[in-house]
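Take a look at this one; I'll ask things after.
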Amino acid sequence: MLYAYDHHGKLCSLYQLSRKRIEQVRREVTYYCPTCKEPLQIRSGLHHIPHFAHFPTSQCERKSQGESDDHESGKWLLFKWLKDQGYKVEMEYFIKEINQRPDLFFISRDKRRIAIELQCSTIPPDIIEKRTNCYYEAGIFPLWIVGGRHYRRKGKHQLLHTTFHRSLLYYFHHSYCMYYLNVNAQSLIIVDHILGFPHSYCFARSRTNSLNSITFPQLFVPSNSSMNSYLYFWEKYLFKLRTFYQKSVGTEERQWRQFLYLKGKHFSLIPSVCCLPVPSQSIYPVKVYMWQTKFVLNYFIDLPLGSLIKLGHREKCLTVNRYQTDPVQEYLQLLEQMGYVTKSPKGNWIKRKQITFPTHINQALEEDKLVMNVLKNMVPRHNNVSL
């Protein structure tokens, strides 16, 4: 434990003190656990950072759970960062009505109650959702900040993007975003304009800020971005999807291939408009070409022109700050711009042009180029819907 309360109620740390000073406070000061308020002992030596520890007889929940060095150090860094900005911040403040103890708790300038959770380990999305719901029920805004080891880049604009990452997405200023803390560099990384790929990486823009150069409100300031590079990567992915046969696939993909087979179709010859990049693909767990192909075959292709499209039940996703996405509506908006559908004054979608399946690979590749050129010319309009 890298921090504790002294007998005056001040939160203290040992790691910046000299050995002589540590021996002095060991004799003169009693420190207390932020969680259980029990007295603590000081441990220091040649091979580890000076820290506080419970006595062997302690029953504190914190003692049994343990915390990583990154988590301990990160909480302390964020505590000092907020304290230096004038916030009255408390570490591991117990919120009685929901029986939760966030890493940090404070009141913002606009009088909002803020709970910060520094998440350094991977936990299931349902736990994140449960904690998040509890905070909202108590009228508290939860800010999840992810440990820096989960920030993994693949080139300039591609980042690791797993189920864990999707469960921690926010939506501000027409942009999906996440927050990371690099403890060693003492910096916050803001990742925004997150756009999903059909695999475990996403396309995004990253901004790294040292803690002494950014304030809490600046975490939510919008940034500008262009999707041109995103479409370049998307075009490369679509080409690989057409031309590279992946024999070993997961259960979901096998079922999708079987679905197409029973319809008399082959997965390498899906229409180009069945793999369109929608904004919420960054949070939607199903691969884009799977759900769009199923939508076209189940709800679109057999309808006569001029028919009303009946959407049926469709899955929606929520970001941490409660923005509700609707991938199907976003998909229909793109199809509308391409002339396949129109929207009636009552808000219903009407079929205007047929979607056809290519009959051979060269036809499919030519169609891909045409569709990608259309998307590139739609960039200004796409930016309005955060593509």
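The values are calculated or read from the model by the stated rules, or taken from the named source; none is laboratory data. Computed from a prediction, not measured in an experiment: that's the story for all the values here. Cβ sites come from the backbone with ideal geometry, for glycine too, and all protein chains shown count toward neighbours. For the accessible areas, the whole protein counts, side chains as well, though only heavy atoms, and no ligand, DNA or RNA atoms are used. Shrake-Rupley method; radii C 1.70, N 1.55, O 1.52, S 1.80 Å.
Looking at (1) in contact with a strand residue (DSSP E or B) (Cβ under 8 Å, 6 or more places away or on another chain); (2) touching a residue at least 60 places away in the same chain (Cβ under 8 Å); (3) surrounded by fewer than 17 Cβ atoms within 10 Å (Cβ to Cβ), which is the only condition Arg112 fails?
It is condition (2) that Arg112 fails.
Which pairs have Cβ atoms under 9 Å, sit 6 or more apart or on different chains, and link a residue in the range 303-330 that is under 23 Å from Leu375 (Cβ atoms) to one that is open to solvent by 80 Å² or more (accessible area, probe 1.4 Å) and aliphatic (A, V, I, L, M)?
Short answer, once both residue conditions are applied: Thr325/Leu318.
Give the residues of the range 115-140 that are buried (at least 18 other Cβ atoms within 10 Å of the Cβ) and hydroxyl-bearing (Ser, Thr, Tyr), sorted by residue number.
Passing the criteria: Thr132, Tyr135.
Determine whether the range 192-204 contains at least one residue that is more than 24 Å from Gln218 (Cβ to Cβ), within 10 Å of the chain's Cα centre (by Cα) and open to solvent by 10 Å² or more (accessible area, probe 1.4 Å).
No, that holds for no residue.
Which count do you get for residues in the range 184-205 that are touching a helix residue (DSSP H, G or I) at 6+ places or on another chain (Cβ under 7 Å) and free of Cβ contacts under 8 Å to residues at least 40 places away in the same chain?
Residues that pass the stated criteria total 2.
Under the condition of being within 15 Å of Ser210 (Cβ to Cβ) and of a type in the set (D, E, K, R), which residue from the range 71-92 is surrounded by the most Cβ atoms within 10 Å (Cβ to Cβ)?
Lys80
Restricting attention to the range 156-168, does a residue exist that is of a type in the set (Lys, Arg), more than 15 Å from the chain's Cα centre (by Cα) and within 28 Å of Tyr323 (Cβ to Cβ)? Spell out how you get there, then give the answer.
If we filter the range 156-168 for residues that are of a type in the set (Lys, Arg), which is where we start, we get 156, 166.
After this cut, where a residue has to be more than 15 Å from the chain's Cα centre (by Cα) as well, the list is 156.
Next cut, within 28 Å of Tyr323 (Cβ to Cβ) only: 156.
Within the range 156-168, one or more residues are of a type in the set (Lys, Arg), more than 15 Å from the chain's Cα centre (by Cα) and within 28 Å of Tyr323 (Cβ to Cβ).
One line per residue, one yes/no per condition, for (1) in contact with a Pro (Cβ under 9 Å, 6 or more places away or on another chain); (2) within 20 Å of Phe216 (Cβ to Cβ); (3) without any contact (Cβ under 8 Å) to a residue 60 or more places away in the chain:
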{"position": "Asn133", "(1), (2), (3)": "no, no, yes"}
{"position": "Ile140", "(1), (2), (3)": "yes, yes, yes"}
{"position": "Val146", "(1), (2), (3)": "no, yes, yes"}
{"position": "Arg153", "(1), (2), (3)": "no, no, yes"}
{"position": "Tyr170", "(1), (2), (3)": "no, yes, no"}
{"position": "Cys177", "(1), (2), (3)": "no, yes, yes"}
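Is there a residue in the range 131-143 that is closer than 21 Å to Gln281 by Cα and of a type outside the set (D, E, K, R)? First the steps, then the outcome.
Filtering the range 131-143 for residues closer than 21 Å to Gln281 by Cα gives none.
Within the range 131-143, none of the residues are closer than 21 Å to Gln281 by Cα and of a type outside the set (D, E, K, R).
Output the residues belonging to the range 352-369 that are in a helix (DSSP H, G or I) and either of a type in the set (Ser, Thr, Tyr) or surrounded by 15 or more Cβ atoms within 10 Å (Cβ to Cβ) (or both). Don't jump to the end; show me each part of the working.
Restricting attention to the range 352-369, the residues satisfying the condition of being in a helix (DSSP H, G or I) are 361-369.
Within the range 352-369, Ala364, Leu365, Glu367, Asp368 qualify.
Give the range 111-137 a look and list any residue that's more than 20 Å from Leu188 (Cβ to Cβ) and among the charged types (D, E, K, R), or say none.
Lys111, Arg113, Asp126, Glu129, Lys130, Arg131, Glu137
Something else: How do the strands (runs of 3 or more DSSP E) wholly within the range 139-212 filter down when requiring 3 or more residues that are of a type in the set (D, E, K, R) and in contact with a Leu (Cβ under 7 Å, 6 or more places away or on another chain): which remain?
none
Being open to solvent by less than 80 Å² (accessible area, probe 1.4 Å) and either touching a Gly at 6+ places or on another chain (Cβ under 6 Å) or farther than 19 Å from Ser187 by Cβ (or both) is the filter here, so list the residues in the range 95-106 that pass it.
Residues satisfying the conditions are Ile95, Ile98, Gln100, Arg101, Pro102, Phe105, Phe106.
Moving on to the next point. The conditions are (1) closer than 15 Å to Lys10 by Cα; (2) at pLDDT 85 or above; (3) in a loop (DSSP other than H, G, I, E, B), and Phe55 fails exactly one of them. Which is it?
Going through the list (1) closer than 15 Å to Lys10 by Cα; (2) at pLDDT 85 or above; (3) in a loop (DSSP other than H, G, I, E, B), Phe55 breaks only (1).
Consider the range 9-29. How many of its residues are modelled with pLDDT of 85 or more and open to solvent by 60 Å² or more (accessible area, probe 1.4 Å)?
Within the range 9-29, residues that are modelled with pLDDT of 85 or more and open to solvent by 60 Å² or more (accessible area, probe 1.4 Å) number 7.
Residue pairs, Cβ under 6 Å, 6 or more apart or interchain, first in the range 357-375 and of a type in the set (A, V, I, L, M), second open to solvent by less than 40 Å² (accessible area, probe 1.4 Å). List them.
Pairs found: Ala364/Arg242; Ala364/Leu269; Ala364/Pro358; Val371/Ser272; Leu375/Leu231.
State which residue pairs qualify: first residue within 14 Å of Pro142 (Cα to Cα) and at pLDDT 90 or above and inside the range 84-97, second residue in a loop (DSSP other than H, G, I, E, B) and not basic (Lys, Arg) in any location, beta carbons under 8 Å apart, and separation of 6 or more residues or different chains.
Sorted first by the residue in the range 84-97, then by its partner, the pairs are Ile95/Pro102; Ile95/Ala138.
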